[in-house]
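Comments concern the structure below.
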């Protein structure tokens with residue numbers, strides 16, 4: 001039990017790191033949100049299909065599972081769309097902060113729909129991480145796009161929090177088929193808009209293509225596929241805590257790559273988030289071993 005727990009935690013950290021590079025790359029390449037989504041998902045769909053063929057497995061779900069797969073894929077696509085626009089309207093750090101409310105949403109959704117009440121200590125860890133997030137929020141005016149970016153990030157975080165509960169509900173469907181279905185349906189959603197985009201938005205630089213390829217392979221194919229697995233098998237409280245690593249990781253990447261300011265408030269907030277993560281994971285580990 002302990003070995004499996006720490007293996008899943010390790011995979012979750014890898015997945016979060018893979019996803020944390022997304023806001024930085026999107027901000028760097030400045031590509032239309034619909035194109036970003038379609039290309040990333042197309043790479044993931046092709047990658048999972050090839051992998052399934054190599055191990056002689058099918059990625060297609062049975063007809064009875066098409067409805068839940070479609071629901072999962074559609075929610076995932078809207079989560080991505082709101083997140084991409086959050087990044088483009090504001091900054092990589094603001095978008096990461098908005099979507100990181102995922103943890104609080106997941107905690108409350110799990111409590112409401114599954115009756116999984118967190119312990120007082122675990123609840124305190126999530127609250128501490130949430131406070132850390134708000135330490136990182138810079139000053140912004142209601143008259144600029146920062147507010148809209150943050151709101152879209154919070155909406156994206158809520159939609160993303162719905163996915164682990166759906167994956168757990170339909171865990172009788174093979175992990176690989178659920179991941180493939182999620183990506184395939186979302187890809188179709190993004191594909192619908194492509195014919196209506198201006199021709200100029202479809203002309204991408206080599207830097208943009210490299211950025212899209214990196215996100216498609218590392219962030220989507222590897223990161224999101226691993227996240228489907230860990231959110232299916234780990235308790236929702238643990239995943240809500242681990243996901244908060246997203247903020248300091250995205251913040252550090254934004255500082256080194258995009259030269260976004262590293263203020264004392266950001267350092268305090270990141271410290272609270274990391275401390276809450278470590279405390280919550282160790283506490284859950286000890287509960288499993290007792």
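Readers should treat all values here as calculations from the given coordinates under stated rules, not as data from a laboratory. Since we're looking at a predicted model, the values are computed, not measured. With ideal geometry, Cβ positions are generated from the backbone for all residues, glycine too; neighbour counts draw on all protein chains shown.
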Notebook entry, point to check: In which sequence would 145, 207 go, from the one with the fewest C-beta neighbours within 10 Å to the one with the most?
Noted result: 207, 145
Check: Once every DSSP H run of n ≥ 4 in the chain is given -39500 (n - 2.57) and the sum is divided by its residues, what mean residue ellipticity at 222 nm do you get, rounded to the nearest 500 deg cm²/dmol?
Finding: -25000 deg cm²/dmol
Margin query: Under 12 Å from a point placed 7 Å out from the Cα of residue 57 along the Cα-to-Cβ direction: which residues of the range 165-179 have their backbone N that close?
Written below: 173-179
Check: Which value results when the Cα radius of gyration for the chain is divided by 2.2 N^0.38 Å?
Finding: 0.97
Next item on the list: Would you order 243, 134 from fewest to most other beta-carbon atoms within 10 Å of each residue's own beta-carbon?
Entry: 134, 243
Notebook entry, point to check: How much FRET efficiency would the formula 1/(1 + (r/R0)^6) give for residue 121 and residue 64, where r is the Cβ-Cβ distance and R0 is 41 Å, rounded to 0.05?
Noted result: 0.50
Notebook entry, point to check: By counting other Cβ atoms within 10 Å of each Cβ, how are 162, 125 ranked from fewest to most?
Noted result: 162, 125
Checklist line | Relative contact order %, the chain, counting alpha carbon pairs below 8 Å whose residues are six or more apart | finding: 40 percent
Next item on the list: Give the Kirkwood hydrodynamic radius (Å, one decimal) of the range 69-190, defined as one over the mean of 1/r across all pairs of different Cα atoms.
Entry: 15.4 Å
